[in-house]
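See below for the structure under consideration.
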Amino acid sequence: MKHCRTRSGCLTCRHRRVKCDEGQPNCLRCVKSGRECIKGWNIRFIHGVRMSKEEDENAEFLFEEWQTWLPIRGQSLSFVDETRETRAWYTDEDELAQSSQVSVPHPCQHTYTSFEDTTHDGADGVHGHGTPSELQSPSSILHSYFSTLPIESPKLVDPQEAFLLRHYILTLGVALDVCDSHRHFSSVVPDLATRSPVLLNAALAASAHHLSRVTHYDPLVADMYHERCVELLIPLLDELSFVPDEVVAATVLLRLYEQMSSAITGSDCARHLSGTSAFMNSESTCATAGGIRQASFWIFLRQDIDVALNHQRPLKLNLDAFAPQMDGNVLWDDWVWANRMVWITAEIVAFAFARDKSQSRLEELKTKTEDWWRHKPDSFRPLHVARGAVFPEVHFVRPWHEVSAHFAMLFGISACGDDVQARLGACHVVTICAPWITNRTYQEETIRILRRLERENSWPTRAIALAAMEEWEWEQDDRQ
């Protein structure tokens, strides 16, 4: 077996080319052989061209006679053996104290004459950098460097605001970005919020309200930030002819706050949703504008679908204004495919609550849905499907792939995983398809999923669960 060389073996063993056991004060090999155990580090600075042993046993430390020296301006330089100081960088003081003293040659001095025409000050010469013995150890140098680095002022000074914004990024922002490849609401929006008070207060209000629903966080904190945001938002809407991105994003977050609050108030007036729809309907390019504006559009559309299904009423968005660009949009990645299904779902919801329903339009929507299903990328296939207690356990690689899941698969995702969007999809299924869930075991599992969504994700599902249980004609005691 090849042994690794030690760094603190005695010099006697090194000279004999044998392994030292590094014993203190004398190693075992030197004791057994009766040799002097000389401690120290075999550090040598070779300054010249090595000569043969026959010529001079100390030749490796000598310079050639023809060695050219750089003239130094009349200053005396001392060459000092700094073996002990160098060793101190890599070993403890106690170990250094135990080592034997090794005699070193007396420093020799040489004087060199500088260029006569030089114009530099003495401070710029060799001594201006200090002698090697004055240098610090590597750890001291690093400590000194980092301790002197300037600490940049943080974007948020208030610790509560920093905590709430961080919670928003890790929970609500991630859920909102389910079909956004650039993660605008979990990365771009938080950074923009540090420069936009209205957007910051909207994010903090949603975050604090979410915390108050899933933990014992003070709900009054959410109310405070919500009131501040509304106070800042109203003057902006009166003064601006063009609504900036941060205001559009703020209204989306206020709708999220409003949606979560409906579980407490018992009603959902969708006031902030109406405000956002006014922006979207007045600007038909926001669906493909890119950036926060486009991300806000798709989140708003999902919010609009949710309200339409829960309240059994038409969408607030005018789909006809966006249809040409949606139909001509090229499906070039998974997120575009996922958003296409969101758009098809919106068209189906709009058809369901429209006054005039034509058979041709129904067939057109069926064709769109079937074409999407047949041509969707292979990445939308589930990663794994297994038999579950009630519904099959279904796992996908990414959350946005779950838009391809049908009824049983969607409930299987909700039952076995922690994906929020799959649970929200289950809410929509129950709202529409409750009469077709006739099996009692399926019904009980569905109610369990809805209650888990409200308990863990603060989503208002109580009204949906009560309506479903009434549809199934459960006994009053079973509805508790």
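The values are calculated or read from the model by the stated rules, or taken from the named source; none is laboratory data. Every value quoted in this text rests on a predicted model; they were computed, and no experiment measured them. Cβ coordinates were reconstructed from backbone atoms using ideal geometry, including for glycine residues, and neighbour counts include every protein chain displayed. Please note that ligands, DNA and RNA were not included when accessible areas were found on the heavy atoms of the full protein model with its side chains. Shrake-Rupley method; radii C 1.70, N 1.55, O 1.52, S 1.80 Å.
I'd like the distance between the alpha-carbon centres of the range 290-304 and the range 201-241, rounded to an integer number of Å.
Centre-to-centre (Cα) distance: 19 Å.
If contacts are Cα pairs under 8 angstrom and at least 6 residues apart, what is the relative contact order of the range 157-322 in percent?
19
Sorted by accessible area with a 1.4 angstrom probe, largest first, how do 260, 341 fall?
Details: 260 0, 341 25 Å².
Largest to smallest exposure gives the sequence 341, 260.
At q = 0.18, 0.20, 0.21 Å⁻¹, what base-10 log of I(q)/I(0) does the Debye formula yield for the range 265-338 when every alpha carbon is treated as an equal point scatterer in vacuo?
With one equal scatterer per Cα and no solvent, log10 I(q)/I(0) is -0.76, -0.91, -0.99.
Using a 1.4 Å probe and ignoring any ligands, DNA or RNA, find the accessible area of residue 397 and quote it in Å² to the nearest 10.
Taking all protein chains as shown, residue 397 has close to 80 Å².
What FRET efficiency comes out for the pair residue 467/residue 227, r = Cβ-Cβ distance, R0 = 35 Å, nearest 0.05?
0.65
Rank these residues by their accessible area, most exposed first, probe 1.4 Å: 320, 81.
Numbers: 320 125, 81 70 Å².
Accessible-area ranking of 320, 81, largest first: 320, 81.
Arrange the residues 223, 477 by how much accessible surface each exposes, largest first, with a 1.4 angstrom probe.
477, 223
What is the local net charge at residue 165, summed over the other residues whose Cβ is closer than 11 Å to its Cβ (Lys, Arg +1; Asp, Glu -1)?
Taking every other residue near residue 165 into account, the sum is -1.
Can you give me the three principal axis dimensions of the range 157-239 from its C-alpha atoms, in Å, biggest first?
The Cα atoms of the range 157-239 stretch 33, 32, 24 Å along their principal axes.
Run the dipole for the range 186-296 about the Cα centre, Lys and Arg Cβ at +1, Asp and Glu Cβ at -1, nothing else charged, and hand back the magnitude in debye, nearest 20.
240
When each pair of different Cα atoms in the range 157-322 is counted once in the 1/r mean, what is the Kirkwood radius in angstroms, to one decimal?
15.9
Would you please give the FRET efficiency between residue 442 and residue 148, computed as 1/(1 + (r/R0)^6) with r the Cβ-Cβ distance and R0 = 60 Å, to the nearest 0.05?
0.35
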